[in-house]
């Protein structure tokens, strides 16, 4: 089935496939871990049982998603070597230690305290248990710190030199870690993770509210989620804008592809719709607003905006993919802002839980965070092409000497296994979400002091 | 300071930590076919459920660490071992998700049991095959693997795969002896006994076969008087084996697992001695593979502080979940 593709294409496809699947889980667990820490903290502070119910409800879902994140993550840490061995050899001295720090400061912390968080409620007492939950949440955020530093270095390399065998070597670790695009990318991704989860939580709340608008636990989660939407979604638009300006400074070809700007021009148009044509270097069927791109990118309608024509054609990214992924991401972002504002208005009128149209819209928005996350990563990763280390190492020169049959075989295996295994996991998660949060069972002894009984704090039903 | 050597030792420690910790939890899955009762299987899984992903994190450290400090070895070994590596990763997926999925369903519980067993078998087998492939040697030209697609597949590497499967089963059985009671424990004693004997036979075969076919290894172990110090390893291995069998016979509970770990440590040391100073055997030494000193130093600074912390809180988790696991505690609410 893959006869017409070469080994390089298959290796790229395999990486794209496995990482696109993987990113869903960290994006989700970063957000849920923090949400769980907030819920448990609020419970300890207020003793309101609704927080305890919500904690126990979401921790079950977290456990399944975390398991999937771990196993799909192990794949990532080996795939650099199996399929991108030239890249590993050359860039290993720079990115390797950062990933080493990720394992040492984040993965062990998460995995070490996860056991206590999931199984130790009655073994360690509630303060220590809360500490474990906090450590898991902090671990997920630290993990994001390091891996986004690695990715950002590949986008905007800094603090390096080359040695005599063609490896990148580090001249300044601070410049490597805090390379130019890193702070923007980190902020953008963390907010994306929190927003994604806010909309998942909001959708689950909405689902149960549509069945029974007096459901107290559902009201609580819907309300919390909509606060997040109201505050964080506009913030994310702002951060995204800063990130875009930073990209324009350091990776002009990527921004040109995002905007569909083949030609350098003043009063550059903003394309609302169109089909970028790589061959003719034109946007077909374009629907555009003249001058608006100049305003957005340069804050001046007459400013000249650099187009792809300033760069050799072999350095262009695939324009259409970047152009469209960008529009999907931005579109979802504005829908999120809309949900936040709408819910704010309903809240002001004291009718947050009564508008079934808002509840249905929130249900629709449930998976949209994941759509935006994946679309956003396609923008930044495909937009970096044809480079794996921007401007320095071409993707085509970075792959392992593995022949086509080998990569095709592993790619098919990954596709089959991922759809089977993660499909089943998604099914179990959705089934958990369909369960009523008001009916979460809290065992008698959990309301008193710790006992020595090992208790898995979820799975009361099977 | 010889940072490359320090890191070679640290990576060895990480790999051994992985083998010692994930070994028993893979081993428990490998023993499933002999433990048919559903309650027994629940208990067996429950003995490792709070710690399994911490255990697998050592494998991530092994991979990430190798990339960080020996990027050349990483970028040669992984393409050379492409198929067993991919098989291992897929096996670990099937087995890792079973920890959660198995308790989410009544109807499909059997499916996730099979997924747990086969996934673990494939992962353990692949790890043994990689070990064997490294002992065979790996062909390199310039800075890339230049051997064939199926170099890793020989009767010897398959034998190593089976040996690792048996070794993990021994670790799993002795772990269960420590963590369980009653019939389940009695059956684990028996499993411990059989797997120990099989494992010793495998180690003995590999130890005699390799020097016979491989001049480098023969010289390493049988050069008088330089090798004499190494002979303490097989002697200790015999001591550990006797200790393990005796403690199983005397129905001790905690000791068998420790003796079992001792056996693994010795076999692992033997493996390291046989390939030293190569990271990619007979092609790339650890010094040739090492990243520039400033990369090694940068990560070492952190590792010196972080590894003891990791040992401390990992130890704490094991302490929290110490003691026996039975049908009443665990998955039922």
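Per-residue Cβ neighbour counts within 10 Å put A:107, A:25, A:419 in the sequence A:419, A:25, A:107, beginning with the fewest.
Please compute the average number of Cβ atoms from other chains found within 10 Å of each residue's Cβ in peptide B:284-291. The partial results should precede the final answer.
Working: counts 0, 0, 0, 0, 0, 2, 1, 10.
The per-residue average across the peptide is 2.
Label separation (residue A:371 vs residue B:213): 5.7 nm, computed from points 7 Å beyond Cα along the C-beta direction. Summarising the label geometry, the points placed 7 Å from Cα in the beta-carbon direction at residue A:439 and residue A:172 lie 6.2 nm from one another.
Would you mind checking the tilt of helix A:126-155 against the longest principal axis of the Cα atoms of chain A, expressed as 0 to 90 degrees and rounded to 10? With both axes taken from Cα atoms, the answer is about 10 degrees.
Per-residue ellipticity at 222 nm computed for the protein assembly as shown from its helices equals -24500 deg cm²/dmol, with DSSP H segments shorter than 4 residues left out and the rest contributing -39,500 (n - 2.57).
If the convex hull of the alpha-carbon atoms of region A:225-380 is projected onto planes in all directions, what is the mean projected area in square nanometres? Intermediate results must be reported in sequence, preceding the final value.
Values: hull surface 39.9 nm².
Mean projected area for region A:225-380: 10.0 nm², to one decimal.
Given R₀ = 30 Å, FRET efficiency for residue B:273-residue A:19 by Cβ-Cβ distance, to 0.05? Don't jump to the answer; show the numbers that get you there.
On the way: r = 39 Å, r/R0 = 1.29.
Between residue B:273 and residue A:19 the formula returns 0.20.
When only Cα pairs below 8 angstrom with a gap of at least 6 residues are kept, chain A shows a relative contact order of 23 percent. Sorting A:191, B:258, B:244 from the fewest to the most surrounding beta carbons within 10 angstrom yields B:258, A:191, B:244. Taken along the Cα-to-beta-carbon direction at a fixed 7 Å, the label points for residue A:315 and residue A:141 span 3.9 nm.
Over region B:15-320, what relative contact order in percent results from Cα pairs under 8 Å that are six or more residues apart?
Values: 353 pairs, mean separation 67.3, N = 306.
Here the relative contact order equals 22 percent.
Ranked by the mean number of other Cβ atoms within 10 Å of their residues, highest first, the peptides A:268-275, A:170-177 fall in the order A:268-275, A:170-177. Peptide packing: for B:93-102, A:289-298, A:227-236, the average count of neighbouring Cβ atoms within 10 Å per residue gives the ranking B:93-102, A:227-236, A:289-298, highest mean first.
In region B:9-157 the Cα-Cα distances spread across 10 Å bins starting at 0 as 11, 37, 31, 16, 5, 0 percent of all pairs.
Peptide A:434-442 has a mean shielding of 0, counted as Cβ atoms of other protein chains within 10 Å of each residue's Cβ.
Per residue of A:114-120, what is the mean number of Cβ atoms on other protein chains within 10 angstrom of that residue's Cβ? Write out the running numbers ahead of the final one.
Working: counts 6, 13, 6, 1, 3, 10, 4.
Mean shielding count: 6.
Here region B:10-44 is scanned for amide nitrogen atoms under 18 Å from the site 7 Å beyond the Cα of residue A:431 along Cα-to-Cβ, giving B:42.
Figure the gain on full extension for residue A:38 and residue A:280 (residue separation times 0.36 nm, minus the Cα-Cα span) and round it to one decimal in nm. Walk me through the numbers on the way to the answer.
Working: separation 242, 0.36 × 242 = 87.12 nm, distance 5.30 nm.
Gain on extension, residue A:38 to residue A:280, equals 81.8 nm.
Rounded, prolate or oblate: which fits the protein assembly as shown, taking a ≥ b ≥ c as square roots of the Cα gyration tensor eigenvalues, rounded meaning a/c under 1.5, else prolate when a/b beats b/c? Oblate, since a/c reaches 1.5 and b/c is not below a/b.
Taking a temperature of 10 °C and a viscosity of 1.306 mPa s, what whole-number D in µm²/s does Stokes-Einstein yield for region B:15-320 with Rh from Kirkwood over alpha carbon pairs? Display every interim value, and only then the final one.
Details: Rh = 20.4 Å.
In µm²/s, the coefficient is 78.
State, as an integer percentage, the relative contact order of region A:225-380 based on alpha-carbon contacts under 8 Å between residues 6 or more apart. 27 percent.
Determine, from the Cβ-Cβ distance of residue A:288 and residue A:341 and an R0 of 25 Å, the FRET efficiency 1/(1 + (r/R0)^6), rounded to the nearest 0.05. It comes out at approximately 0.40.
Each peptide in A:206-212, B:288-294 was scored by the mean count of other Cβ atoms within 10 Å over its residues; highest first, the order is B:288-294, A:206-212. Each residue in A:22, A:250, A:299 was given a count of other beta-carbon atoms within 10 angstrom of its own, and listing them fewest first yields A:299, A:250, A:22.
I need the calculated FRET efficiency for the pair residue A:9 and residue A:46, taking r as the beta carbon distance and R₀ as 56 Å, to the nearest 0.05. It would help to have the intermediate numbers written out before the result.
On the way: r = 55 Å, r/R0 = 0.99.
Once the sixth-power term is evaluated, E becomes 0.50.
Across 10 Å bins from 0, what is the distribution of all Cα-Cα pair distances for region A:336-429, in whole percents? In order of increasing distance, the bins hold 12, 21, 27, 20, 13, 7, 1 percent.
All of the numbers you see were taken from the coordinates with simple rules; none came from a lab. Predicted, not measured: the structure shown is a model, and the values here were computed from it. Please note: Cβ atoms are built from the backbone with ideal geometry, for glycine as well, and neighbour counts cover all protein chains shown.
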